[in-house]
Amino acid sequence: MTESIQTFNKSTRQLLPEIKEGLKNYLQYMKGLGYEGVALSETSLRILDEWCKETMVETLDTIQKDLGACRRCKLHKGRKHIVFGDGNPRAKLVLVGEGPGYEEDLQGLPFVGKAGQLLTKMLKAINLLREEVYICNIIKCRPPKNRNPEPDEIAACIPFLRRQIRAIRPNLICTLGTFAAQALLGTDTPISQLRGRFRTYEDIPLLATYHPAYLLRNESKKREAWEDLQKLQEVYERA
Ligand code: URA
């Protein structure tokens, strides 16, 4: 029984999305008429349902195209580049920061300034390369003078981040700093209380830690950040 479902599963994986959708609807219709058999079992229908969900997941490219030359909030006026995100589209770990700074705005890439250099070292300390993970931010355009993101800016931008996370389907998320943790977890709890404990975002384990820019200004917090990174490494290596 299991073997026939697996064979069925493998061969049908190659089918076009619309054929899968049609097949699923047809099988559901047959089931409604009272027919039974391997292909009409609850398991088969559940598998077909998963395929349909899989084929409906967007890619990072289509999300970026939809974002386009975004003017959904006031930050578009002062930006040089939109910083969409960078890294492995199939990453097991997604890191989410706050928003682009001066260097990121110039280059169109996340975490390439001083905080980014520290982030690269933090990743290296837990045996990870930047290319293995995916790095992005809550907002994709630099706020004037690097001020904090405002609620309307986060509201305009966060749907794209949510779609990016859904497209990547990572095993793990690490938020960097107050804004990323609070925005994804929907809370105003301070980062000092959010950090260091796993929570979930859409069923994905999420660990909040301090922002590397904060660590550059507060050396004494590096010990706690190191503890967080070790927890992240442990779960990453098991995922
Ligand atoms: N700080 C952030 O939060 N994100 C970046 O991309 C760079 C600095």
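Taking only the alpha-carbon atoms of the stretch 158-236, what semi-axes of the equivalent ellipsoid follow from 5 times the gyration tensor eigenvalues under a square root, in whole Å, largest first?
Numbers: eigenvalues 90, 42, 23 Å².
Computed over the stretch 158-236, the values are 21, 14, 11 Å.
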### Summary
The summed charge of the LEU75 Cβ neighbourhood (under 15 Å; Lys/Arg +1, Asp/Glu -1) stands at +4
### Query
So what J values fall out for the stretch 88-100 if you push phi through Karplus, 6.51 cos²θ - 1.76 cosθ + 1.60 with θ = phi - 60°, rounded to Hz, Gly and Pro as x?
7, x, 10, 4, 7, 10, 10, 9, 10, x, 8, x, x
#### Entry: SER220 paired with VAL57, simple spin-label distance in nm, labels 7 Å along Cα-to-beta-carbon
4.4 nm
## Note on the structure
Rounded to two decimals, the Debye log10 I(q)/I(0) of the chain (Cα scatterers, no solvent) at q = 0.07, 0.13, 0.18 Å⁻¹ is -0.30, -0.82, -1.27
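At most 15 other C-beta atoms within 10 Å and a DSSP loop state: those are the exposed GluC sites (Glu not before Pro) I care about. Give me the longest piece of the chain that has none. It would help to have the intermediate numbers written out before the result.
Values: sites that count: GLU36, GLU58, GLU202.
Maximal segment without exposed cleavage sites: 59-201.
Scan the chain and report its longest stretch carrying no trypsin sites (Lys or Arg not before Pro) that are both in a DSSP loop and have at most 14 other Cβ atoms within 10 Å. Don't jump to the answer; show the numbers that get you there.
On the way: sites that count: ARG71, LYS80, ARG90, ARG147, ARG197.
My reading of the result: 1-70 is the longest stretch.
Here, each number is a calculation from the coordinates, and none is a lab measurement. Just so you know, these numbers come straight off a predicted model, no measurement behind them. We place every Cβ from the backbone using ideal geometry, glycine too, and count neighbours over all the protein chains shown.
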